[in-house]
Structure formats: structure tokens, C-alpha cells
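Input: a single structure, listed below in C-alpha cells.
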Amino acid sequence: MNYKQAKRRALEIIKGRWGEAILISLAYSVILGILSTIFGIGAIVGGSLLLIGYHTALINASKNGKFVIEDLFKGINKETVTTRISMSVLKWVYITLWSLLFVIPGIIKSYSYMLTEYVALLNPEMTADECITESRRLMDGHKMKMFLLGLVVILAVGAIGLTSSSKPTSKEDEIKKTWREYIKAIKNDDESK
């Protein structure tokens, strides 16, 4: 699946459900903002837990066509919370250590670890280090594509801000869904090998 196909699939998923998609993204952003304001560095952990919930909401929406706000909190349960917390701390430590070498290796490794929460969601039995390792393996050969897709996202969000579109959040949701579909395509590509 290429970028255009991922974008087409993302648009199919949110067709007629823009309001729900905006609400899920807005709730995610507001909660993450509150965590950052109140807890500072603790927001890294809370943000990782919330990101797993956000992935859950997007994956469930692509399967059953419904955006459910409760899905944002599905990453927080007794069985997986310690693994998820250690995963986010470990990921942060690894990226920080790579960044100490030079900025570029830190950026590259942040793309290598990009799928860590997604892997944890699909494989709750995996340890934190196994999730990070699997993310690195899945992103092997895809980091540049994801970097370019991220560049497109940055430029698109900037253009949305400059043009003051009447539905800026819906465009941001479209971009996020496209990104999610591309990540799923990486996973499917890996499974077919």
C-alpha cells in the first residue's frame, strides 16, 4: 500500500464520521495537554498509555466503523500498565542516549521506535524491550518513507494553519488516519514476507 492508497483507505474509514473523528482526536490532544501541564515529565508515561488508547480507537474504527471515546483508555489496565510504563521510559531513555551521540541518530531512532505502542497494542504479552525490538524490525527499510510522510504532515498542518480552513481539525484527522493506514500497511507488508 502506497501513500495514496493509505489516504484513500483513511478517507473511507472516516467518511460520514468527521465529528466522531474530530472528537476522538480532540479528546486525545486535550488529555495529553493536561498531562503535560500538570505532570511535566510524567506526561511521557501518560502520553504513551494514551497513545495506545488512541491507536485502539483508530483500529477499532477501521474494523467496525465506530469511534468510541472509551477506547482512549483501553491502554490502561492492571495486566499491562507496568509493561507500558516501562516501555515508555525505556523508549525515552534509548532515544535520549542516541541523541547524546548526535541529533541525527536520535531522530533516526525515534522513527525506529515509532511503532512501539502499536506493537504493544497488538501483542500485550510482549515485554517492553520486545516491543521496542519489534518496532525496530518493522521500521527497517521504512524510516525514510515515514520521515517523508511526517514532512508531508508538517507541511499540510502548516498549510491548514496558514489558510485558516473552515475544517482544520478534519484535515488533521485525515492526515492522522492516512499515517495510521500506512503503518498498518508496513505491518501487512512484513507479515507477507
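If I filter the range 108-120 for residues that are open to solvent by 30 Å² or more (accessible area, probe 1.4 Å), among the acidic types (D, E) and at pLDDT 75 or above, do I get at least one hit? Taking every residue of the range 108-120 in turn, none turns out to be open to solvent by 30 Å² or more (accessible area, probe 1.4 Å), among the acidic types (D, E) and at pLDDT 75 or above. Within the range 91-128, restricting attention to residues that are in contact with a Leu (Cβ under 8 Å, 6 or more places away or on another chain) and touching a residue at least 40 places away in the same chain (Cβ under 8 Å), the residue that is farthest from K184 (Cα to Cα) is A128. When V103 is tested against (1) at pLDDT 75 or above; (2) open to solvent by less than 70 Å² (accessible area, probe 1.4 Å), just one condition goes unmet, and that condition is (2). Determine whether the range 43-58 contains at least one residue that is small (G, A, S), open to solvent by 40 Å² or more (accessible area, probe 1.4 Å) and at negative phi. Checked against the condition, which is being small (G, A, S), open to solvent by 40 Å² or more (accessible area, probe 1.4 Å) and at negative phi, the range 43-58 yields no hits at all. The condition of being modelled with pLDDT of 75 or more, in a helix (DSSP H, G or I) and among the β-branched types (V, I, T) holds for only one of I44, I52, I38, I13, that being I52. Among the residues examined, E20 does not qualify as more than 24 Å from R9 (Cα to Cα) and free of Cβ contacts under 8 Å to residues at least 60 places away in the same chain. Mind listing just one residue for me: the one in the range 75-100 that is within 15 Å of N123 (Cα to Cα) and either among the small types (G, A, S) or within 15 Å of the chain's Cα centre (by Cα) (or both) and, of those, surrounded by the fewest Cβ atoms within 10 Å (Cβ to Cβ)? Looking at residues that are within 15 Å of N123 (Cα to Cα) and either among the small types (G, A, S) or within 15 Å of the chain's Cα centre (by Cα) (or both), I get G75. Being at pLDDT 80 or above and either surrounded by 14 or more Cβ atoms within 10 Å (Cβ to Cβ) or among the β-branched types (V, I, T) (or both) is the filter here; which residues of the range 61-70 pass it? Across the range 61-70, there are no qualifying residues.
The values are calculated or read from the model by the stated rules, or taken from the named source; none is laboratory data. This one's a predicted model, so the numbers in the text were calculated from it and none came from an experiment. Cβ: placed from backbone, ideal geometry, glycine included. Neighbour counts: every protein chain shown. Calculation scope for accessible area: heavy atoms of the full protein, side chains included, ligands and nucleic acids excluded. Shrake-Rupley method; radii C 1.70, N 1.55, O 1.52, S 1.80 Å.
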